[in-house]
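Structure, as structure tokens:
The values are calculated or read from the model by the stated rules, or taken from the named source; none is laboratory data. Here the structure is a predicted model, which means the values were calculated and not measured. Here the Cβ is made from the backbone with ideal geometry for all residues, glycine too, and neighbour counts use every protein chain on show. Note: areas computed on protein heavy atoms with side chains; ligands, DNA, RNA excluded. Shrake-Rupley method; radii C 1.70, N 1.55, O 1.52, S 1.80 Å.
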Amino acid sequence: MSVRERTFLMVKPDGVKRQLIGNVVTRLEAKGLKLVAMKMMQIAPEMAEQHYGEHKGKPFFNGLIEFITSGPVVAMVWEGDNVVEMVRTLIGATDPRKAGPGTIRGDLAVFTGKNLVHGSDSTESAHREINLFFPEGGIYEYMLPVESSLYDE
Ligand code: DAT
Ligand code: MG
């Protein structure tokens, strides 16, 4: 089967410290998405500024860089049909107070500055972020036995 769309998802330092890595992974696995890469790492400031480049100059930028580099994160690549949009839906709104129930941020977070997870906002962002976080590759291709039960093919 061909490789479906890919997206980048990261459990931020607050999610690691709150022991919610498994909770996040379980939600995406249960949905039927495929985990194809995962690593724990601490992001260097230069890399954080690159990752969040679109927010440079905004009032929250410095705090965001400080926060995202403050401890280990778990970087992942997930695969599936329309996975970029689907993961954004599963994550919920940027402000956890506005994120719907059933979403990761809606269920588990209360503050924009500590909203647990990052997910790519477009296929272009996904491509850029996957290359930034996994320059060495290490993205796996394998079949899920359930794929024939998940998709119409
Ligand atoms: P998202 O993470 O939902 O894609 P974003 O790209 O607009 O949201 O912002 C990136 C992160 O920056 C976000 O997850 C939390 C932080 N952030 C955004 N807006 C903020 C604000 N007004 N105050 C504080 N932090 C903010
Ligand atoms: Mg964003």
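Per 0.36 nm of contour for each residue apart, how much would the distance between N131 and S70 grow if the chain were fully extended, relative to their Cα-Cα spacing?
Taking N131 through S70 to full extension adds about 19.8 nm, to one decimal.
Place the peptides 41-48, 86-93, 119-126 in order of packing, highest mean first, counting for every residue the other Cβ atoms within 10 Å and averaging per peptide.
86-93, 119-126, 41-48
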Quick one: angle between helix 21-31 and the longest Cα principal axis of the chain, in degrees between 0 and 90, rounded to 10, please. 40 degrees
Apply the Karplus parameterisation 6.51 cos²θ - 1.76 cosθ + 1.60, with θ equal to phi minus 60°, to every residue of the stretch 61-75 and state each ³J(HN,Hα) to the nearest whole Hz, in sequence, with x for glycine and proline. 4, 4, x, 5, 5, 4, 5, 6, 9, 7, x, x, 10, 10, 9
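How much accessible area per residue does the stretch 6-136 have, counting only protein heavy atoms and a probe of 1.4 Å, in square angstrom?
Working: 6340 Å² over 131 residues.
So the stretch 6-136 comes to 48 Å² accessible per residue, rounded to a whole number.
For the chain, with all protein chains present and a 1.4 Å probe, just round the carbon and sulfur fraction of the accessible area to a whole percent. Let's see the in-between values first.
Details: 4380 of 8150 Å².
Whole-percent figure for carbon plus sulfur exposure: 54.
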If packing is taken as the average number of other Cβ atoms within 10 Å across a peptide's residues, how do 28-36, 4-12, 49-57, 74-82 rank, most packed first? 4-12, 74-82, 28-36, 49-57
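Divide, for the stretch 54-127, the radius of gyration over alpha carbons by 2.2 N^0.38 Å, where N is the residue count. Spell out each step's value before the answer.
Numbers: Rg = 13.0 Å, N = 74, 2.2 N^0.38 = 11.3 Å.
Ratio of Cα Rg to 2.2 N^0.38 Å: 1.15.
If you take the alpha carbon radius of gyration of the stretch 6-136 and divide it by 2.2 N^0.38 Å, what ratio comes out, to two decimals? Kindly include the intermediate steps, with their values, before the conclusion.
Working: Rg = 13.6 Å, N = 131, 2.2 N^0.38 = 14.0 Å.
Scaled against compact globular proteins, the figure is 0.97.
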With +1 on the Cβ of every Lys and Arg and -1 on the Cβ of every Asp and Glu, and nothing else charged, how large is the dipole of the chain about its Cα centre, in debye rounded to the nearest 20? 680 debye
